[in-house]
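What follows is a single structure, written as structure tokens, with notes after it.
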Amino acid sequence: MIKAPNIILVGPMGAGKTTIGRLISQSMGKEFYDLDKVIEDNAGADIPWIFEREGEDGFRKRETQALASIAESDTGDCVLATGGGIVMREENREILRENALVVYLYASVAQQLYRTSKSTHRPLLQTGDPKATLKKLFEVRDPLYREVANLIIETDARHPRSVANKVLDAIRRHLKMEITVS
Ligand SMILES: Nc1ncnc2c1ncn2[C@@H]1O[C@H](COP(=O)(O)OP(=O)(O)O)[C@@H](O)[C@H]1O
Ligand SMILES: O=C(O)C1=C[C@@H](OP(=O)(O)O)[C@@H](O)[C@H](O)C1
Ligand SMILES: [Mg+2]
């Protein structure tokens with residue numbers, strides 16, 4: 001059986017997965033991994049370069065490999081922030097569902113747009129109409145995030161520290177509930 005990491009954050013670009021993942025890993029005393037960073041380290045190149053040279057398909061292959069390698073390693077006791085497209089492949093969703101507590105960080109399209117607008121490192125948003133792109137992606141992906149999630153946390157109108165505290169509370173409640181039930 002594949003051993004998945006403890007806490008996995010999913011959600012759209014700009015939901016705050018990287019930011020919140022780091023904060024909650026510090027509070028929980030767990031190792032933190034950002035899947036995009038793992039992919040970049042493995043490739044020796046950044047994400048825009050990978051998209052440019054290998055296309056989105058090449059990136060998705062690397063993403064699945066990186067997820068599987070973390071899931072199969074002994075680093076089970078960690079917090080993992082994924083990229084927004086992780087739910088697009090069924091094999092990824094299977095790994096996410098296995099053993100991990102998956103937290104969906106929800107953000108409205110307006111917030112996604114606002115939070116991603118200052119950065120140019122997301123190749124999918126380097127289009128004439130990033131709002132339309134985010135909306136289209138969200139329509140496809142939101143049901144998939146919900147399919148794999150154990151917990152859903154709303155992030156609009158919340159400071160990152162407040163989102164992190166909400167996630168930590170929800171995780172504690174969820175784990176306590178599981179212990180009480182079993
Ligand atoms: N709750 C929040 N409120 C305001 N800004 C946020 C919040 N969460 C993240 N951000 C900011 O939004 C940007 C994208 O966050 P990031 O963690 O990279 O998102 P993701 O990894 O989900 O794409 C960063 O500049 C980050 O500081
Ligand atoms: O939504 C996506 O398909 C992607 C999201 C990005 O990560 P973040 O969600 O952390 O921005 C990164 O993996 C890549 O640019 C593709
Ligand atoms: Mg990120």
Mind putting a number on the dipole of the chain about its Cα centre? Charges go on the C-beta only, +1 for Lys and Arg and -1 for Asp and Glu, and I need it in Debye to the nearest 20.
700
What ranking of Ile39, Ile20, Ile153 emerges when the number of other C-beta atoms within 10 Å of each C-beta is taken as an exposure proxy, fewest first?
Ile39, Ile153, Ile20
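Expressed as a rounded percentage, what relative contact order does the chain have, with Cα pairs under 8 Å and six or more residues apart? Walk me through the numbers on the way to the answer.
Numbers: 268 pairs, mean separation 62.1, N = 182.
RCO, the chain: 34 percent.
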7 Å from Cα along Cα→Cβ at both Leu168 and His121: what's the point-to-point distance in nm?
2.5
Distribution output for the chain: share of Cα-Cα pairs per 10 Å bin in percent, first bin at 0, values 9, 38, 39, 12, 2, 0
Cβ-placed point charges (K, R +1; D, E -1), dipole of region 83-128 about Cα centre in debye, nearest 20
300
What do you get for Rg/Rh of region 27-71 when both radii come from the Cα atoms and Rh is the Kirkwood radius?
1.06
What net charge do the residues around Asp129 carry, taking every other residue with its C-beta under 11 Å from that of Asp129, with Lys and Arg at +1 and Asp and Glu at -1?
+3
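Please rank Thr120, Thr19, fewest neighbouring Cβ atoms within 10 Å first, as an exposure proxy. Could the numbers behind the result be given before it?
Values: Thr120 10, Thr19 20.
Ascending Cβ contact count within 10 Å gives the list Thr120, Thr19.
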What is the Rg over Rh value, at two decimals, for region 2-102, using alpha-carbon atoms and the Kirkwood definition of Rh?
0.94
Here the net charge surrounding Gly58, from other residues whose Cβ is less than 15 Å away from its Cβ (Lys, Arg +1; Asp, Glu -1), is -3
Putting +1 on Lys and Arg Cβ atoms and -1 on Asp and Glu Cβ atoms, find which of Gly85, Trp49, Ser162 reaches farthest to the positive end of the dipole of region 7-181.
Ser162
For the chain, which DSSP H helices look membrane-span-like by this rule: Cα extent along the axis of 30 Å or more and mean Kyte-Doolittle of at least 0.0?
none
For the cross-link pairs Lys61/Lys136; Lys30/Lys136; Lys30/Lys176; Lys30/Lys166; Lys37/Lys118, which exceed 24 Å when the distance is taken from alpha carbon to alpha carbon?
Lys30/Lys136
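Each value in this text was obtained by applying a stated rule to the coordinates, not by laboratory testing. Just so it is clear, the model here is predicted, and its values are computed rather than measured. So basically every Cβ, Gly included, is an ideal-geometry build from the backbone, and we count neighbours across all protein chains shown.
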